[in-house]
Amino acid sequence: MIPIYFGSHSQTNRYAALALGMSALFALGARLTFLRCLHGVARKSRGSEYYPLAVFLVYLASYGRPWLHVASILVLALADASAALIGSRYGRLRYTVEAASKSLEGSLVFLVVAFLAIHLPTLLMTDLPRPVCVLAALLVALLVTGFAVVSLHGADNLFVPRGVCVILDRITGKPL
């Protein structure tokens, strides 16, 4: 199990207040139609509200292991955004999950960017052997791509970074 660091109470309380405050502000923005840049997606999504909470939860779970935090947040920030941009612009091969329409091109871009976002911090910020870094990044990228595919209404913003953190921590602690 990933040890959760709560640090000094004042520091953790500040981060928790910031995450909850931002999530509340983003939820209010959706309800009152301000912050349109966050809520301008065509489908119903609570992703912007989950984003600060995910950053905070990953902070707690990865404390003292910055490579886990960096990999998790890079996947959240880069892979998800890249998949949305490429999928909406160039996505021709569509599939549906529940009522949500997604593209194969967007999912493949998510996989590639997630692999790089996991592999580079793992390779550059740890002493793990190269084959372990490559295999761990590939396995975690495949799994969290699946999380992103099946998560609806922006829940991938919550599950993907936590998934990266938990799975990467578990598999890098094992021998090749």
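Please treat every number below as a calculation from the coordinates, not as lab data. Every value quoted in this text rests on a predicted model; they were computed, and no experiment measured them. Cβ sites come from the backbone with ideal geometry, for glycine too, and all protein chains shown count toward neighbours.
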What is the sum of charges around Leu168, taking Lys and Arg as +1, Asp and Glu as -1, for the other residues whose C-beta is under 13 Å from the C-beta of Leu168? +3
So how strong a dipole does the range 74-151 carry about its Cα centre when Lys and Arg Cβ are +1 and Asp and Glu Cβ are -1, to the nearest 20 debye? 240 debye
Work through the residues other than Phe110 whose Cβ is under 13 Å from its Cβ and net out their charges, Lys, Arg +1 and Asp, Glu -1. -2
The range 65-176: relative contact order in percent, alpha carbon pairs under 8 Å with at least 6 residues between: 31 percent
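Once R0 is set to 22 Å, what does the formula 1/(1 + (r/R0)^6) return for the Cβ-Cβ distance between Ala100 and Ile171, expressed as a FRET efficiency to the nearest 0.05? Please report the intermediate quantities before stating the final value.
On the way: r = 29 Å, r/R0 = 1.32.
After rounding to 0.05, the efficiency reads 0.15.
Contour minus end-to-end for Arg92 and Ala77, with contour as 0.36 nm per residue of separation and end-to-end as the Cα-Cα distance? Show your work: numbers first, answer last.
Working: separation 15, 0.36 × 15 = 5.40 nm, distance 2.36 nm.
Result for the pair: 3.0 nm of gain on full extension.
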